[in-house]
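See structure below.
The values are calculated or read from the model by the stated rules, or taken from the named source; none is laboratory data. This is a predicted model, so every value here is computed, not measured. Reconstructed Cβ throughout: ideal geometry from the backbone, glycine too, with neighbour counts over all protein chains shown. Side chains are part of the model used for accessible areas, which takes the heavy atoms of the whole protein and leaves out ligands, DNA and RNA. Shrake-Rupley method; radii C 1.70, N 1.55, O 1.52, S 1.80 Å.
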Amino acid sequence: MASPSSSTNVMLAIYEKKTVSLDLYRPLRNYIVFNYSEREAQNLEDDLQTIKQYRSEIERVPGDSLPARRDMLQNYYKALCAVESRFPISPDKDHINSVYFTWYDTFKIKQKAVQQNIHLEKAAVLFNLGAVHSQMGLSLDRSAVEGRRQASHSFIAAAGAFAFLRDNVAMKASMGTSTTVDMSVECAGMLERLMLAQAQECVFENTIAKGSTPGVCAKISRQVGIYYEEALAALNVAPLTYHFDKGWLAHVQLKAALFYAEACYRCGMELHEKEEIAEEIARLKSGISALSEAKKSSSKGAAQQLLDAINKLDTNLNQNLARAVKENDRVYLMRVPQASSLPPLPAFAMVKPMPMNDVLDASKEKMFASLVPDNSAKALSRYTEMVDDVIRAQAERLQQGSELARVKLKEMDLPDSILALEGNLTLPVALKEDVDAVQICGGPAGLEAELQQLNDLKRVNQELLIQTEELLQQEATEDAQFRSQFGTRWTRPQSSTLTKNLQDRLNRFAGNLKQAAESDTRIERSVRDHAALMSILDSRPIESALPTLARPIMSLDANEDAIAGALKQSLRQLEGLGAQRAGLEDMLKEMKRKDDILPKLMTSTGSHEDLFRKEVAKYDHICEEISKNLEAQEQLLLQIQAQNVDFASTFNLEDYKASRERTYKQIEAAISKYQEIKENINEGLKFYVTLQDAITNVKQQGSDFVMTRNMQCREMMDDVQRQMSGLSFQENKGSNGYTYPSASQSHQVPRSNPQPPADPANIPNAVRPPAPTYQPPHQPAMPGYTQNPPPYGPPQPQPPPPYNLQASGPPYPPTQHQQQPPPSHDYGQPAYPGWRGPYYNAPPQQPAPLQQQGSMPRPPYTVPSPYHLPPHQSGYYRQ
């Protein structure tokens, strides 16, 4: 049995194209300086030097390291792509028009192409890359299995380089009058077929070495012959007809015939095993005929090793044919069909061109990255708009899908009804927030503490009012006693004429307090009347006050669990679809964030629209997933709707909803009433605090008035006593004497020093005369509020102070000059949280003589007597 293994060393390699020396550094740098800046050129100096180095290596004769040469060619091609998108090289006067690329034909060394076209440079580099891959395949040791495998890989890479040249650059490099045939589309296609034939041939030799069946070997061999036949067909038509020497044509034609005959030989062996002798004879004759014709037409110029392999295979074919004819004549007696009537031999391709898009992808090339022409920037903006439109449209679809699911579930009262069945009750968000706000403030139970604060503040105001009135009444009583004792000699104005303004204000405060007490009573009554309504707000958690969805008392088929379980499962699936939509939206945003096509745009040589369509297509699979998600949700919502109907009828959902709505309304009514009462209480607290400040101010004015009157009283007593003892007043006039004229003397000019006291409301607090020997009863001032009321909390329990609310008599006897200060009572417990002053109450006094009481005006405010509200006062808390 013959084998074509002797032909393994007979393969073709392609030499690199030659060029001439060319300086790219200076023209490119000048263009950067002219169109950008000198600084930009300095920043890109490394890239310019790299281009210069690549071009210098291309011009040199290839060295011994083919892989290094291959890597350099790949890098130079990607650098040329970066140059192409940023540096216009053409005869145009505004372009780089001093660069001429010159390349010689590798098969006709005297022919050359000279162009101001960077595509010629790129095409030559691609050609040389394919040539280097072919040389690498031919240099490997193909006598071993591993060597043949590596050689096949190199030939596949060479085929990929030539295919890339044919599809992307060859046409652009062939434009113009100065071209060469070796870089034409036809030549690149022929070389691709030739490299695939040699790669498939290596696979065939390994298949024979592994001892594969004749049928498998026949199919692989036939594909080798087909590749050679395609290359031969390209060599026999223009423009390649006379471009290659006869040795190339003879080699390709003999190889095509050899592997067709090899396929016939292997197929005949398989047919012989199947005892299909007639077809075997026909196949063997067809192979012998093909070899005979090839030897006649292509024996000249062919390698001797190839001719030996053909002769050896021809011998084996004839031997098998003779054996088959002999067996058919003696045993099978089958009619041998014509070769033309036989079906084509089956073929099986084991190789295909290596994709070079990734290997030669210049989109990640950083060279000259800072140079972005205006047209590229505009194109990038156009692409960004296209992507934004896609993202926006899909985001709207996702949002609409989620909103549709939310609305449908709300219409079906899901998942609230399922949660109610499980005991996980919930309130509407707005209602829940209102309840939380009420409970944070203490709820209805905390209203009692705030009412106590109102009472405490009211008591403090009443005490301040009483103390102020008693202070003024004590001074008036004292003045009346001295007036009764000294008669006409006591010439100063009566207290009632001087304190009328203060008394009027105190009367108004008393009326305000009375009306405020009535308002407090109404608030307390409202709290008591609506305590039952508002008690629901004290439920913690508030959800415990909601009704529960109970199972039916009686069930005919006991399928409640199945119905509820199916609905829960569908809701979980719907939730999963929602989560999937969220993930899809994140994927879209992340893909857009990473989507940077500027490098591809800069290196693209085709239509921008084609590139845009290709890049936007990256988002198609996510868009399809979104469509599937929305379709699945639509079907699932229909299923949930049907399941919810069964659930509602089984668990009597309508009655539950009605009960729940009633509870919601009760909670809303309780919140409304609580807020109303709370607002009234806050208004009362604010009123009492403001009133306390006003009363404290009046009390201070009264204290100033009493102090001044006491000083005048002391001096007038001294004058009266001197008069009564017969002393001369003219000798003792001084700056510290005060004398008030009588009614009969009102027409006389008064003395300069004694002056009647002014209205105490107009006496400035900052002016204080020096204290005389006589000290009136000390009345500590009540501290007033200087800021907003403090936060209220439950008051500390304390017994009420023993207030004596009756009018007290004069602070001291009328005949005595000295007076003991009344004992004061300090109460340690605050009236309410935030109050920090002692409560003062005048000590009980013995009632004055009847004749004295009769001469005194009735106090404007006494606690036991009812308050009389002025006719202009009405409504809640007004001053």
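With unit charges on the beta carbons (Lys and Arg positive, Asp and Glu negative) and the dipole taken about the Cα centre of the range 432-556, which residue among PRO493, GLN473, LEU537 sits farthest to the positive side?
The residue sitting most towards the positive pole is PRO493.
Give me the accessible area of ARG149, 1.4 Å probe, in Å² rounded to the nearest 10.
130 Å²
Relative contact order for the range 567-704 using alpha-carbon pairs under 8 Å, separation at least 6, rounded to a whole percent?
34 percent
Could you state the number of Å between the C-alpha centres of the range 151-206 and the range 466-504?
What the calculation gives is 128 Å, centre to centre.
Please work out the Cα convex hull volume for the range 128-246 and give it in Å³ per residue.
Taking the convex hull of the Cα positions in the range 128-246, it is 105 Å³ per residue.
If you take the alpha carbon radius of gyration of the range 423-530 and divide it by 2.2 N^0.38 Å, what ratio comes out, to two decimals?
The reported ratio for this selection is 1.93.
When the Kirkwood radius is taken over all Cα pairs of the range 38-115, what Stokes-Einstein diffusion coefficient follows at 20 °C and 1.002 mPa s, in µm²/s?
146 µm²/s
For the range 221-322, divide the Cα radius of gyration by the Kirkwood radius and give the resulting Rg/Rh value with two decimals.
Rounded to two decimals, Rg over Rh is 1.04.
Two decimals, Cα atoms only, Kirkwood Rh: what is Rg/Rh over the range 298-361?
Ratio of gyration radius to Kirkwood radius: 1.23.
What's the magnitude of the charge dipole for the range 212-296 around its Cα centre, counting Lys and Arg as +1 and Asp and Glu as -1 at the beta-carbon? Answer in Debye, nearest 20.
280 debye
Counting pairs on different chains as well as pairs 8 or more places apart, how many Lys pairs in the range 185-292 have Cα atoms under 23 Å apart?
9
Mind scanning LYS300/LYS326; LYS18/LYS312; LYS408/LYS665; LYS17/LYS93; LYS110/LYS300; LYS52/LYS614 and naming the pairs with a C-alpha gap bigger than 28 Å?
LYS300/LYS326; LYS18/LYS312; LYS17/LYS93; LYS52/LYS614
Provide the solvent-accessible area of ARG60, counting protein heavy atoms only and rolling a 1.4 Å probe, rounded to the nearest 10 Å².
140 Å²
Of LYS78, LYS594, which has the most accessible area and how do the rest follow, probe 1.4 Å?
Largest accessible area first, the list is LYS594, LYS78.
With all protein chains present and a 1.4 Å probe, how do SER21, SER65 order by accessible area, largest first?
SER21, SER65
Separation of the range 613-643 and the range 400-464 by C-alpha centroid, Å?
Using only Cα atoms, the two centres lie 40 Å from each other.
Give the accessible area for LYS618 in Å² (nearest 10); use a 1.4 Å probe, count only protein heavy atoms, and leave out ligands, DNA and RNA.
70 Å²
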